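Mind looking over this structure? Questions follow.
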Amino acid sequence: MMYKKRISLVLIIIIFFSYTSFSYGDNRDKKSLIVYEREKVFGYNENPVNHLNELLYVFNESVSEISTNDYESGYINNFDYIFIINIRNDINNTDFLNDLSNFNNKIYWIGDKVENFLDFSGKYDISYDSKNNNITKLFYKNKKISVNTTYSFNIINALPSTNIIATMSDGYNIYPFILSEKNLYYISRWDLEDSYIFEDSLNDFYERKKFDKEEVFVRIEDVHPFRNTKKLREIADYLYKENVPFIIALIPTYVDSKTGNINTLDLKPEFIETIKYMQQKGGSVILHGYTHQIGNEEISGEGYEFWDIKNDEPIKEDINIYVKNRVLSGVRLCVENGIYPLGFEAPHYAMNIYGYKEIKKYFSTYVGQYQNNNDNFTTSTFPYTIKNSDTFNVFIPENLGFIDSKDPFTIDLIKENFNKISMVRGYNGGFFFHPYLDIKYLKECVQFLKNNDVSFLDLKEKENYIKVDDVSIISKDGKITYSYNKSKSISVNKEKSKFETYIKYINNAVVVFLSVILALFLIIFIVFRAMSKHKFTRR
């Protein structure tokens, strides 16, 4: 009997680790190091080092960073893979160059100053040539991408035996854009907005053999209590008919800063029933902030909530307390009214890393783009779902864009973005649509994706959870379970508050009434006393 139990235990362990490997990729037990000169590129708010750090969790268990100035001899030996990025000046740290030359595992050099390493090591057959400011096209896997002609690209001389992964052209000549030789990968230039070729090359760099299921989400954005419920139902009916599951980005409380009115969703019974209807039609709710605004100047759905956009800086409040209070209010308000969020999306994607880490405590799933700079607002995105990073449990990227009815090319842009991300093996992504727009735009996007045999993400089929204080929501295989302490109910407390206010009103009324009676009694007393005194004087 004991022998059988041991066999069962071993089988369970084997199955568990097999599942983990399948879910997260072949090499996710590895460690990568990012070496950089500076985190940000001069003149840009983007922080490519932060972006790359987050991206590499698709392939790694841990990712570390160090500047070339801080690097000490031997440190490189603690890692399986090395990335070099944002090198602007010549590298003077010979300890780093020497260790890198002797490093036997894979190296990925991104952009400038690769000549420092090639000249120092002397073990590679490729060589640096020059810069070219006239590159207009990138070519990869029979696809062509147009690029900004003002960018500067590095030209590398390669031998016929060099493995050329992607190429680029200035209209006259073809040059290597990404290549590999021995243990070195090199990309001429990396821009976050046109990053998909680089990101797919990581599959080969890490020798990845298994990929996530490729899926795209449809998200209905900025759904708050004052949205047109007929339009919301029309959207739900259409997507249900097309067998397309969707995400509802819900703002549970609407604040109108012009009037000062605060409207929670429980004050709009028709809206609540509409969200429930949308859930029944295949919709999965995510919490899109609590009010989608901050301060006395912003209106819900337009303002920011976790970022001071006026001064372009983090909010002054204690971010941990502020985030928890707002998400707890939002989640509790939803679950008490039969609405069950499964993830979170920051308004305008604006939130620094400390906010993300606070969200990570309560939400399994974040949907949107990534603010890669803690000091200034700027976002970037990925072609992959990222799991178990330092910042997120699960990050599902929005990378196709959104429908803007004022832009005549808005649908074309979404199609172009899809053509880019579909180059990436194991891609995930999505786009969003505001419910006040003509549904024809949504229909055109959905039909395009269906024509390309896209699988649509059904969030509630995934394993998601929300756990904040007494409120718990879990989804798995399309089923949602929840629990919360009803004694802490917002509605109960509201009724209690109303009762207390009513009692206070009655008490105040009684006090006023008695005060008036007393005042009248005193007046009558004084008048009668005066009259009596006057009569006595006449006598």
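The values are calculated or read from the model by the stated rules, or taken from the named source; none is laboratory data. Everything quoted here is computed from the prediction, not taken from an experiment. In this analysis, Cβ positions are derived from the backbone assuming ideal geometry, glycine residues included, and neighbour counts consider all displayed protein chains. Keep in mind that these areas ignore ligands, DNA and RNA; they rest on the heavy atoms of the full protein, side chains included. Shrake-Rupley method; radii C 1.70, N 1.55, O 1.52, S 1.80 Å.
I want to confirm something. Restricting to the range 188-220 and keeping residues that are in contact with a Lys or Arg (Cβ under 7 Å, 6 or more places away or on another chain) and among the hydrophobic types (A, V, I, L, M, F, W, C), which single residue is modelled with the lowest pLDDT?
From the range 188-220, those in contact with a Lys or Arg (Cβ under 7 Å, 6 or more places away or on another chain) are 196, 200, 203, 205, 211; that's our starting set.
Now drop any that are not among the hydrophobic types (A, V, I, L, M, F, W, C), which leaves 205, 211.
On the way: F205: 97, F211: 93.
Out of the qualifying residues, it is F211.
Still on this structure: If P269 passes every condition in (1) over 30 Å from F59 (Cα atoms); (2) in contact (Cβ under 8 Å) with a residue 24 or more places away in the chain but one, which one does it miss?
Condition (2) is where P269 drops out.
Here's the yes/no breakdown for (1) more than 20 Å from the chain's Cα centre (by Cα); (2) open to solvent by less than 60 Å² (accessible area, probe 1.4 Å):
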{"residue": "S405", "(1), (2)": "yes, yes"}
{"residue": "D412", "(1), (2)": "yes, no"}
{"residue": "F418", "(1), (2)": "no, yes"}
{"residue": "G426", "(1), (2)": "no, yes"}
{"residue": "F433", "(1), (2)": "no, yes"}
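Collect the residues in the range 264-294 that are surrounded by fewer than 19 Cβ atoms within 10 Å (Cβ to Cβ), in contact with a Ser or Thr (Cβ under 9 Å, 6 or more places away or on another chain) and over 23 Å from I480 (Cα atoms), keeping them in residue-number order.
Within the range 264-294, no residue meets the criteria.
Separate question: Being among the small types (G, A, S) and either within 30 Å of Y362 (Cβ to Cβ) or open to solvent by less than 10 Å² (accessible area, probe 1.4 Å) (or both) narrows it down to one residue among S422, S489; which is it?
S489
Further, regarding this structure: Residues in the range 48-96 that are outside any helix (DSSP H, G or I), surrounded by 19 or more Cβ atoms within 10 Å (Cβ to Cβ), at pLDDT 95 or above and among the aliphatic types (A, V, I, L, M): how many?
Matching residues across the range 48-96 total 5.
Do we find a residue being of a type outside the set (V, I, T) and assigned to a helix (DSSP H, G or I) anywhere in the range 102-116?
yes
Specify the residue that is modelled with the lowest pLDDT; the eligible residues are those in the range 237-277 that are within 25 Å of A346 (Cβ to Cβ) and of a type in the set (S, T, Y).
Going through the qualifying residues, I end up with S257.
What strands (runs of 3 or more DSSP E) lie completely within the range 192-301 and have 3 or more residues being out of contact with any helix residue (DSSP H, G or I) (no Cβ under 9 Å at 6 or more places or on another chain) and farther than 28 Å from N417 by Cβ?
261-264
Quick check on D99: is it of a type outside the set (G, A, S) and open to solvent by less than 30 Å² (accessible area, probe 1.4 Å)?
So D99 passes the test.
Return the pair list, or none, for Cβ contacts closer than 6 Å from residues in the range 329-345 that are at negative phi to residues that are assigned to a loop (DSSP other than H, G, I, E, B), at least 6 apart or on different chains.
S329/Y290; G330/P252; G330/Y290; L333/P252; C334/P252; V335/Y484; E336/S489; E345/H288
Go through (1) at pLDDT 95 or above; (2) farther than 21 Å from S188 by Cβ; (3) not charged (D, E, K, R) one by one and return the number of the condition N45 breaks.
(1)
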